[in-house]
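Working notes, beginning with the structure itself.
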Amino acid sequence: MVIASGYSVNGPTKEALQAGARGFISKPYDMQNLLKVVREVLDS
């Protein structure tokens, strides 16, 4: 699971990452970063 949020990784999404989310994308979305994170999650 990849989390997409307007918050920083140290905000509310930190709990979701600790619960098992595999990646994080922050707003505003950057297509290259989005593709990189999705590729990393799929490869892990």
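Quick notes on this one:
- Across the chain, C-alpha contacts under 8 Å between residues 6 or more apart give a mean separation that, scaled by the residue count, equals a relative contact order of 44 percent.
- Residue-count net charge about residue 21 - beta-carbon cut-off 11 Å; Lys, Arg +1, Asp, Glu -1: +1
- Formal net charge of residues neighbouring residue 38 (Cβ-Cβ distance under 14 Å; K, R +1; D, E -1): 0
- Charging the Cβ of each Asp and Glu at -1 and of each Lys and Arg at +1, and nothing else, the dipole of the chain about its Cα centre rounds to 40 debye.
- Full-extension gain in nm, residue 10 to residue 26, via 0.36 nm per residue minus C-alpha separation: 4.6 nm
- Restricting region 3-44 to chymotrypsin sites (Phe, Trp or Tyr not before Pro) in coil, as DSSP defines it, with at most 10 other Cβ within 10 Å: 29
Read-outs: derived from the displayed coordinates by stated rules, not from any lab. Predicted model, so just to flag it, every value in this text is computed and none were measured. With ideal geometry, Cβ positions are generated from the backbone for all residues, glycine too; neighbour counts draw on all protein chains shown.
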